[in-house]
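Asks: Mind having a look at this structure? Questions to follow.
The values are calculated or read from the model by the stated rules, or taken from the named source; none is laboratory data. Keep in mind that what you see is a predicted model, and the values were worked out from it rather than measured. Quick reminder, even Gly has a Cβ in these numbers, built from the backbone with ideal geometry, and neighbours come from all protein chains shown. Keep in mind that these areas ignore ligands, DNA and RNA; they rest on the heavy atoms of the full protein, side chains included. Shrake-Rupley method; radii C 1.70, N 1.55, O 1.52, S 1.80 Å.
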Amino acid sequence: MEERKGQRLVLFPVPLQGHINPMLELAHLLYSRGFSITIIQSDYNSINPSKYPDFTFHSIFCGLCKSDFEDLSTLLMLLNTRTVEEPFRECLAKLLRDSSESEEPIACLISDALYYFTQSVASSLQLPRFALRTGGSSSTLAYAAFPSLKEKGYLPTPGSQFHLEEAVLELPPLRVKDLPLTNSNPDKFYEVICSFINEVMASSGLIFNSIEELESPALEKLRQQLSIPIFPIGPLHKYFPSESASSDSLVAPDETCISWLDRQEPNSVVYVSFGSLATIAETELSEIAWGLANSEHLFLWVVRDGMINGSEWLGFLPSGFIESLGGRGHIVKWAPQLQVLAHPAVGAFWTHSGWNSTMESICEGVPMICMPRLVDQMVNARYVSHVWKIGFLLEKGLERREIEKTIRKLMEWNEGKEIRERSTILKEKAKLCLRQGGSSYRSLEALVTRIISTRDKSSN
Ligand code: UDP
């Protein structure tokens, strides 16, 4: 723990699990570097302040409700409307007023990059703003290319000239079907993405939960295109031991996962989880269930409440499924994922390829089976399977024979062995970057210096 710097940072996370975790991890990291931390958060999906006594919390009423989270494009728009902007501006302005009389001035705002409205709020209050991008750099590069992709007709519109399998020449190795898009409201989504990129370009710097060595081509291009300092300081969850709870679970994790894993052989279990948001049709679930059962491998499967469209928890399972397993499967509503992935019994991760899950898997050297559903997951899955070559992409949809074959390929075949070896090598690289002199270590030093110098400039 470094000496206190006498400067406070204000952080503002988007209220989604995959955005709260990296923001809290960043909060812990910057606190350990001597900054005081204030977190402004929405009253919906909020972090429990009592778990983080080192931080000061302010809750703002944003009028969000459960149904707002059903469509991503609509949610992202909603997060950038006046209903969020007004209470946020009021809260930040008050914090600035109060801090002007204290001995601990506010050095900057660090907000989720998707809260793009915060740039103009911070500018109007003469406060520097840094953006935390909780997704990867390669998908962010694809987002930055949206206007030119649209112009060239790559984005699927009624007039689109391209087929899904065609290569996007500007963004190798992506194909049209790997572009980070949503299934609904494409126009709204396009608008949100362009705004987020434009406002990032006006910020004082962009922080990534990524590693220079992992995504250097994308990071280099982003540095050129955005013309702002970029700080890849990940993997954020690895700065502190997982027991220190630097991330927060909105749902209580089922601890039976660990006692169940303790009873299994090393590398014998397929961990299956599709993150905090992805939903799945009942027919798809049946294919997943039979694919898992027919593979004859052990599995730990996270089935969230509300994950299956129109079905009660476990009410969806095909009849005869549980009986067919003979104890080979364990199903829970939410897992302590960091501990699960670090468990020696876990030999593969069948994931939706969310960026946090991808980074977490890389850090434990666990090879992946990728089943991306939308947005940046498409890009992440393509990189896992075709660039880093540490997993397989389920390309042919969800079909039980394909699932069974892919699990067997990863767990039993030579091809799987090679993937496992590459995963182990990448895990070591991910470890090294945090050590003194490593790329993320240096990037973090640069970020701390930049925060201090930016504030000094703006207060002169
Ligand atoms: N997670 C967890 N338990 C689960 C499923 C997910 O702790 O059962 C955590 C996981 O470790 C990750 C986050 O939830 O940090 C999901 O983020 P990700 O970017 O992978 O996907 P999203 O939920 O944003 O689609």
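Asks: Can you list the aspartates and glutamates whose alpha carbon sits under 13 Å from that of K427, skipping same-chain ones fewer than 8 residues off?
Replies: E213, E360, E364
Asks: For the chain, which whole percent of the accessible surface, found with a 1.4 angstrom probe, sits on carbon and sulfur atoms?
Replies: 51
Asks: Quick check on the chain: helices-only [θ] at 222 nm, where DSSP H runs of length 4 and up contribute -39,500 (n - 2.57) each and the sum goes over total residues. Nearest 500, please.
Replies: Numbers: 17 runs with 196 residues, N = 460.
After summing the helix terms and dividing by the residues of the chain, the value is -13000 deg cm²/dmol.
Asks: Shifting gears a bit: At 1.4 Å probe radius, can you tell me the per residue accessible area of the chain in Å²? Before the final figure, lay out the partial values.
Replies: On the way: 19040 Å² over 460 residues.
Per-residue accessible area for the chain comes out at 41 Å².
Asks: Return the loop-located GluC sites (Glu not before Pro) in region 375-460 (DSSP other than H, G, I, E, B) with at most 15 other Cβ atoms within 10 Å of their own Cβ; answer none if there are none. Don't jump to the answer; show the numbers that get you there.
Replies: Working: sites: E395, E399, E402, E404, E412, E415, E418, E421, E428, E445; in loops: E395, E399.
Within region 375-460, the qualifying GluC sites (Glu not before Pro) (loop, at most 15 other Cβ atoms within 10 Å) are E395, E399.
Asks: For the chain, what's the relative contact order in percent, using C-alpha pairs closer than 8 Å and at least 6 residues apart?
Replies: Details: 813 pairs, mean separation 69.2, N = 460.
Here the relative contact order equals 15 percent.
Asks: With axes computed from alpha carbons, what is the tilt in degrees of helix 400-412 against the longest principal axis of the chain, rounded to the nearest 10 within 0 to 90?
Replies: Tilt of helix 400-412: around 80 degrees.
Asks: Mind listing which trypsin sites (Lys or Arg not before Pro) in region 179-283 are in a DSSP loop and have 15 or fewer other Cβ atoms within 10 Å? Working shown, then result.
Replies: Details: sites: K188, K221, R223, K238, R263; in loops: R263.
Passing sites in region 179-283 are R263.
Asks: Run the numbers on region 254-392 and let me know its relative contact order in percent, using alpha-carbon pairs under 8 Å that are six or more apart. All intermediate terms of the calculation are to be shown ahead of the outcome.
Replies: Numbers: 231 pairs, mean separation 39.1, N = 139.
This gives 28 percent for region 254-392.
Asks: Hey, another quick one. Which net charge results for the neighbourhood of N198, defined as the other residues with beta-carbon distances under 15 angstrom from its beta-carbon, given Lys and Arg at +1 and Asp and Glu at -1?
Replies: Working: positive: R129, R133, K150; negative: E191, E199.
Here the count lands on +1.
Asks: Which lysines have a Cα lying under 26 Å from the Cα of K457, excluding residues fewer than 8 positions away in the same chain?
Replies: K5, K94
Asks: Provide the descending list of Cα extents for region 1-158 along its principal axes, expressed in whole angstroms.
Replies: 58, 31, 31
Asks: Also, quick follow-up: Could you put K396, K5, K152 in order of accessible surface area, largest first, with the 1.4 Å probe and the full protein assembly present?
Replies: Working: K396 150, K5 65, K152 90 Å².
Accessible-area ranking of K396, K5, K152, largest first: K396, K152, K5.
Asks: If we sort 84-91, 198-205 on the protection proxy, mean other Cβ atoms within 10 Å, highest first, what's the order?
Replies: On the way: 84-91: 17.8, 198-205: 20.1.
Put in order of decreasing packing, that is 198-205, 84-91.
Asks: So what are the ³J(HN,Hα) numbers for region 4-15, from phi and the Karplus equation (6.51, -1.76, 1.60; θ = phi - 60°), rounded to whole Hz, Gly and Pro as x?
Replies: So the J values, rounded to whole Hz, are 5, 8, x, 10, 10, 10, 10, 10, 9, x, 6, x.
Asks: Is there a pair in K221/K431; K66/K389; K221/K396; K177/K405; K177/K431; K150/K238 whose C-alpha atoms are over 29 Å apart, and which pairs would that be?
Replies: On the way: K221/K431 25 Å; K66/K389 37 Å; K221/K396 32 Å; K177/K405 23 Å; K177/K431 32 Å; K150/K238 38 Å.
K66/K389; K221/K396; K177/K431; K150/K238, as the Cα separations exceed 29 Å there.
Asks: Next question, about the same structure. At 1.4 Å probe size, what's the solvent-accessible area of Y441? Round to the nearest 10 Å².
Replies: Solvent-accessible area, nearest 10 Å²: 60 Å².
Asks: In whole Å, what are the extents of the chain along the principal axes defined by its C-alpha atoms, from largest to smallest?
Replies: The Cα atoms of the chain stretch 69, 53, 44 Å along the principal axes, largest first.
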